[in-house]
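Peer 1: What follows is a single structure, and I will ask about it in a moment.
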Amino acid sequence: MPHKAYVKTVPGARTAVLMVHGILGSPRHFDFLLPYIPADWEVYNIVLDGHGGTARDFARTSRKKLERQVEDEVARVCCTHEQVVVVAHSMGCMLTSNAIVKLGLEDKIAGAFFLGAALYPMCTLPIVKTSVRMVYCKPNEQDVREMAGRARCGTTLHKRLWEYLTWIPRFIDLFSLAAYTRRRLPHYRLPMIALQSYKDEVVGRASIKPFLKNPYAHAEFLKTSTHFYYTPADQRRIVLMFNQLLARVQKQTKITAR
């Protein structure tokens, strides 16, 4: 189901993958990556607080609740595994990187794989149009961007427009979290791969700059993709980079096991 957590446990697993979606997102964002995770690794693809339910549920969450939840998840997974791979999208990139550094668990992270980190969030006309269509119109199956947004939206949308006004504090939280993170991220001693969508409708291209300033990070643009939709060529690039990261982790696991 799109809005339910996905957990795969493996007795004796030494490595785990922790997946954290973005604001108004869903664990389903990572569906295309799940088949590539080794069978002997555990997977924790979580649902963030306030997500997976109604507009009112989303309004009731807060930055503090989200930060506390992700910190608890990072601490738990790192405590029970020798190494952890983090996969995150949008706001999830900020929540996980901050949690790891705050808890001093950098040495437990074998790699952080970030998609569309929202370090400079923004609002553009295309995302407004798509949002209006998602609320008031029937799905346009010919519009791949709209369909991707619908599939990866972790909140049930309705036509009671006034309820969306209660989301304003959540987006203030997002901008505050982004400002906090982009000042600190260049100094994080964390192995990161950051893939930013060049045609992103909600994340500014400047979001790549903090990663470029970090010697532990590799960052590049996905030239033809948006925030929720990855073109076939860019999705192949994502999968290639993801598999390279997993291969490095597996190799390191074999070395330490000797």
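Every read-out reported here was derived from the displayed coordinates using simple, explicitly stated rules and does not represent laboratory data. Predicted, not measured: the structure shown is a model, and the values here were computed from it. Cβ coordinates were reconstructed from backbone atoms using ideal geometry, including for glycine residues, and neighbour counts include every protein chain displayed.
Peer 1: Please give the contour-minus-distance gain from THR54 to ILE172: 0.36 nm per residue of separation, less the Cα-Cα distance, rounded to one decimal in nm.
Peer 2: Numbers: separation 118, 0.36 × 118 = 42.48 nm, distance 1.94 nm.
So the extension gain works out to 40.5 nm.
Peer 1: Using a Gaussian network model of the chain with C-alpha springs under 10 Å, which one of GLU220, GLU71, GLU141 is most mobile by mean-square fluctuation?
Peer 2: Judging by the Gaussian network model, the answer is GLU141.
Peer 1: While we're on this one: Check which residues have an amide H placed less than 5 Å from ALA219's amide H, if you skip close sequence neighbours.
Peer 2: The answer is ALA194.
Peer 1: I've got another one for you. Rounded to the nearest 5, what % of the DSSP beta bridges within the chain are antiparallel ones? Walk me through the numbers on the way to the answer.
Peer 2: Working: 4 of 30 bridges.
In the chain, approximately 15 percent of DSSP beta bridges are antiparallel ones.
Peer 1: Next up: Using amide H atoms built in the peptide plane, which far-off residues or other-chain residues are under 5 Å from VAL203 H to H?
Peer 2: Counting only residues 5 or more places away or on other chains, the set is MET122.
Peer 1: Could you give the alpha-carbon Rg of segment 154-217 over 2.2 N^0.38 Å, rounded to two decimals? Can you show the working numbers first?
Peer 2: Details: Rg = 15.6 Å, N = 64, 2.2 N^0.38 = 10.7 Å.
Expressed relative to 2.2 N^0.38 Å, the Cα Rg reads 1.46.
Peer 1: For the chain, report the % of Cα-Cα distances exceeding 35 Å.
Peer 2: Values: 3552 of 33153 pairs.
More than 35 Å apart: 11 percent of the Cα pairs in the chain.
Peer 1: Between TYR180 and TYR198, with labels modelled 7 Å along Cα→Cβ, what's the label distance in nm to one decimal, could you check?
Peer 2: The modelled label-to-label distance comes out at 3.3 nm.
Peer 1: Please give the contour-minus-distance gain from MET241 to MET147: 0.36 nm per residue of separation, less the Cα-Cα distance, rounded to one decimal in nm. If you can, show how the numbers build up before the last one.
Peer 2: Details: separation 94, 0.36 × 94 = 33.84 nm, distance 2.49 nm.
Separation in residues times 0.36 nm, less the Cα-Cα distance, equals 31.4 nm.
Peer 1: Can you work out ³J(HN,Hα) from phi for every residue in segment 179-184, in order, using Karplus 6.51 cos²θ - 1.76 cosθ + 1.60 and θ = phi - 60°, giving whole Hz and x for Gly and Pro?
Peer 2: Working through the residues one at a time gives 5, 4, 6, 5, 6, 9 Hz.
Peer 1: Moving on. Highest first, please rank the peptides 34-44, 190-200, 76-86, 112-122 by the mean number of other Cβ atoms sitting within 10 Å of their residues. Intermediate values should be presented prior to the final figure.
Peer 2: Details: 34-44: 15.6, 190-200: 21.3, 76-86: 18.6, 112-122: 23.9.
Descending mean neighbour count gives 112-122, 190-200, 76-86, 34-44.
Peer 1: Something else: How large is the helix-only mean residue ellipticity at 222 nm for the chain, computed as the sum of -39500 (n - 2.57) over DSSP H runs with n ≥ 4, divided by its residue count, in deg cm²/dmol to the nearest 500?
Peer 2: Details: 8 runs with 104 residues, N = 258.
Computed ellipticity for the chain at 222 nm equals -13000 deg cm²/dmol.
Peer 1: Okay, next question. Taking H placed 1.01 Å from N in the peptide plane, check which residues at least 5 places from GLY53 or on another chain put their amide H under 5 Å from its amide H.
Peer 2: Residues meeting the criterion, in which the H sits 1.01 Å from N, are THR156.
Peer 1: Dipole of the chain, Cα-centred, from +1 at each Lys and Arg C-beta and -1 at each Asp and Glu C-beta, to the nearest 20 debye? The partial results should precede the final answer.
Peer 2: Details: 37 positive and 21 negative charges, 69 e Å.
Here the size comes out at about 340 debye.
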